[in-house]
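Working notes for the structure below.
We did not get these values from a lab; they are worked out from the coordinates using the rules stated. Predicted model, so just to flag it, every value in this text is computed and none were measured. As a convention, Cβ positions derive from the backbone with ideal geometry for all residues, glycine included, and neighbour counts pool all protein chains shown.
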Amino acid sequence: MNIHDLLRRYSIQTPVIYEKKRNGEWVKLERLPAYTILEVETNDQTIEAVAIDAFKAITVCRESASIEEARPYAVRIQIERP
């Protein structure tokens with residue numbers, strides 16, 4: 001599933017998306033990232049997902065079918081629910 005599929009699934013029209021940086025800080029993204037979603041967790045306020053850059057997934061993780069092998073390249077994103 002990609003980011004557009006995730007937004008469609010939860011009926012989010014104008015997303016506010018944050019990415020968690022290595023230092024733990026959440027940074028607001030100005031545009032939709034080209035991420036492939038690996039895992040999704042939801043609550044009443046947010047949708048959190050573990051995602052990997054789609055281009056990195058193609059080049060680095062092409063040989064592996066395992067989510068665990070892709071995890072070192074993954075980031076955590078957070079989407080505010082309306």
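Figures for the structure shown
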quantity	calculated
Per-residue ³J(HN,Hα) for region 25-38, Karplus 6.51 cos²θ - 1.76 cosθ + 1.60, θ = phi - 60°, Hz, x for Gly and Pro	7, 8, 10, 6, 8, 7, 9, 5, x, 8, 10, 9, 7, 9
For I17, residues with placed amide H under 5 Å, excluding near neighbours	L29
Separation of the E25 and K56 label points, Cα + 7 Å toward Cβ, nm	1.8 nm
